[in-house]
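The values are calculated or read from the model by the stated rules, or taken from the named source; none is laboratory data. Computed from a predicted structure; not experimentally measured. Quick reminder, even Gly has a Cβ in these numbers, built from the backbone with ideal geometry, and neighbours come from all protein chains shown.
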Amino acid sequence: MNKTSAVAGAVVVISAGWLGTTWYSSHHMETYYQNTIQKFNATTLSPVSIKLTSFKQGFFQSRANWEISLTLDPCHPDNAMVLTGYDEIRNGFIPSLGWASIDSHIIWPDSVEAKIREVFKGQEPLTIHSRVNVLGSINTTLKSPAAQWQGKAVQVNWQGMQGSLKLSPSNKVKFDIRAPKLLVKNLASNSDSISFDDLRYQGEQKSGQSRLPLGTTTFSLDSMQANLAQQQWGFRDVKLSSKNQVNKEMLSAEASYKVDKILLGEQNIGNFKANLSLGHIPVQAAQQSYVAFNRLQRQCNPSAQDMLKALEPVLKEGFQVNLSQADLNLFKGKAQANALIVMQPIAAASQQSPQHILKKVMANGKVQVSDQLLSGVFEQVSQLKGQPISPAEAAQTVQMLMQGMLQQGYFTKTATGYQATFALSDGQPNINGKPLGNRTATGELSATPAPETHKTEMHETESMLSAAE
């Protein structure tokens, strides 16, 4: 065989292979769409549903027409928001394009299409391109161009958006969406405005058969600046993160919140951070309650008993919520808080009275706040109201206000400010060790012995609360 024949043979083999994959793609794409949409509607617990309205098959190119509906009010399903569109599908395997390449287009309603074209200057407001890979994964890119819109009282400046999403055959989703800037101006005041710089939402999640949203997500913001009433406030380096995971058949969820800088004008006046966790939930109970509770979103006016019924699997096992840290530094002062809530197991919660359920909740916590922080807040609030006061006047106002709180027993005085502890046990709340609602003739909280019932049942829970402190 000479060189020319070998090259010709290779071309024939490659061409035949490409034609074969193109034929396979064109004949199996409709089934792929149907299976994917059916899987989404069956496993996604939300008021959103997708429908494949038609599919036009072609050898090189196919078209899928679809409809997305959002039912915000289950009592009025006919008023659902409906968005229609179509996908242009290029069939055939190409290394850079995968098994198929898809461009999605939204058909905007006539009532808003003209305005959208005006705002985005004739450009597509959102372009979506997807690549279906040979092994079944999907890579999607999203883009939105910059736009500006002005109404009678508000002007919006949108600097665009771009994002990526990857869906694996095992239902693992990885996403990253980013917008460089959003500015909203109040034209009526000619000075009030709010702006967001470098908004980003990213994460990795996998629901699997449990349908629970497991994985991590992070929302971050480089800065937010608000000009209100001739004052400028802002945040820098804002981050909200969450992590849901299953370990040894137990579900846990963690969330953290952080603001590195709180700004007044150009001055850094403080920061904030907090950590919250939910735990001690068997994954099977969590899955059952998650499915049942979300399905109630599709029902018209579910009752409180329906809600309790949906939560019964989790309430039967019990759980705990822990605010391990909440720290606010502001105006050179501090505020701190922590709390632990333990929900003891409840059998047949939907058949129990609210009073019985409340008796199964145990909690304790502590709040501390400094004089300096309270004085700074009062000073700024007064300035926003157009009635500025001096730092000394602000401190005096705080002292007068807190004096009544001290007399009522809601706070105790510390060297730098005020402190309050709270607890809930056997349905009886108390503040600073004294039952709430029982007062002496002078108005102070009185010390009443705690009920003696249920002590054996709650011994283990009380140990958990003490350990958390």
So, first residue farther than 12 Å from PHE196 by Cβ and touching a residue at least 24 places away in the same chain (Cβ under 8 Å) in the range 156-184, second residue small (Gly, Ala, Ser) and part of a loop (DSSP other than H, G, I, E, B), Cβ within less than 7 Å, six or more apart or across chains; the pairs are LYS166/SER137; LEU167/SER137; SER168/SER137; PRO169/GLY136; PRO169/SER137; ASN171/SER207
Out of the residues in the range 134-187 that are outside any strand (DSSP E or B) and in contact with a Pro (Cβ under 8 Å, 6 or more places away or on another chain), which is nearest to ALA226 (Cα to Cα)? GLN159
How many residues are in contact with a Ser or Thr (Cβ under 6 Å, 6 or more places away or on another chain) and either of a type in the set (A, V, I, L, M) or at pLDDT below 80 (or both) when one looks only at the range 27-52? 3
Of (1) surrounded by 12 or more Cβ atoms within 10 Å (Cβ to Cβ); (2) part of a loop (DSSP other than H, G, I, E, B), ARG131 satisfies every one except (2)
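For every residue, the table says whether it meets (1) among the small types (Gly, Ala, Ser); (2) touching a helix residue (DSSP H, G or I) at 6+ places or on another chain (Cβ under 6 Å); (3) surrounded by fewer than 16 Cβ atoms within 10 Å (Cβ to Cβ); (4) in contact (Cβ under 8 Å) with a residue 12 or more places away in the chain.
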{"residue": "GLN380", "(1), (2), (3), (4)": "no, no, no, yes"}
{"residue": "LEU384", "(1), (2), (3), (4)": "no, no, yes, yes"}
{"residue": "GLN387", "(1), (2), (3), (4)": "no, no, yes, no"}
{"residue": "ALA392", "(1), (2), (3), (4)": "yes, no, yes, no"}
{"residue": "MET405", "(1), (2), (3), (4)": "no, no, yes, yes"}
{"residue": "GLY417", "(1), (2), (3), (4)": "yes, yes, no, yes"}
{"residue": "LEU424", "(1), (2), (3), (4)": "no, no, no, yes"}
Any residue at all in the range 445-457 that is at pLDDT below 50, part of a loop (DSSP other than H, G, I, E, B), surrounded by 13 or more Cβ atoms within 10 Å (Cβ to Cβ) and of a type in the set (S, T, N, Q)? yes
Of the conditions (1) free of Cβ contacts under 8 Å to residues at least 12 places away in the same chain; (2) surrounded by 19 or more Cβ atoms within 10 Å (Cβ to Cβ), the single one that LYS359 does not satisfy is (1)
Selection from the range 46-67 of residues that are exposed (fewer than 13 other Cβ atoms within 10 Å of the Cβ), free of Cβ contacts under 8 Å to residues at least 24 places away in the same chain and within 37 Å of the chain's Cα centre (by Cα): SER54
Between a residue in the range 84-96 that is farther than 17 Å from PHE55 by Cβ and any residue that is modelled with pLDDT of 85 or more and of a type outside the set (A, V, I, L, M), which pairs come within a Cβ distance under 8 Å, given they are 6 or more apart or on different chains? ILE94/SER101
Would you mind telling me which numbered condition in (1) more than 30 Å from ARG236 (Cβ to Cβ); (2) touching a residue at least 24 places away in the same chain (Cβ under 8 Å); (3) assigned by TED's automatic domain parsing to the domain that holds LYS243 LEU308 fails? (3)
Kindly indicate whether GLY92 is modelled with pLDDT of 85 or more and either outside any loop (DSSP other than H, G, I, E, B) or at negative phi (or both). no
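For ALA253, state whether it is modelled with pLDDT of 90 or more, closer than 30 Å to GLY163 by Cβ and in a strand (DSSP E or B). If you could, list the steps in order and put the result at the bottom.
Details: modelled with pLDDT of 90 or more: yes; closer than 30 Å to GLY163 by Cβ: yes; in a strand (DSSP E or B): yes.
So ALA253 passes the test.
Quick one: how many residues across the range 324-356 are within 30 Å of VAL377 (Cβ to Cβ) and either acidic (Asp, Glu) or buried (at least 17 other Cβ atoms within 10 Å of the Cβ) (or both)?
Step one: list which residues in the range 324-356 are within 30 Å of VAL377 (Cβ to Cβ), which gives 324-341.
Imposing the further condition that a residue be either acidic (Asp, Glu) or buried (at least 17 other Cβ atoms within 10 Å of the Cβ) (or both) reduces the set to 326-331, 333-335, 338-341.
Within the range 324-356, residues that are within 30 Å of VAL377 (Cβ to Cβ) and either acidic (Asp, Glu) or buried (at least 17 other Cβ atoms within 10 Å of the Cβ) (or both) number 13.
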Considering the range 184-227 alone, what residues qualify as being over 14 Å from the mean Cα position of the chain (by Cα), surrounded by 16 or more Cβ atoms within 10 Å (Cβ to Cβ) and of a type in the set (Ser, Thr, Tyr)? SER193, SER195, SER207, SER210, SER223
Restricting the range 242-269 to residues that are of a type in the set (D, E, K, R) and farther than 14 Å from GLN205 by Cβ, the one nearest to the chain's Cα centre (by Cα) turns out to be GLU254
(1) over 30 Å from ILE194 (Cβ atoms); (2) surrounded by 13 or more Cβ atoms within 10 Å (Cβ to Cβ) all hold for LEU126 apart from (1)
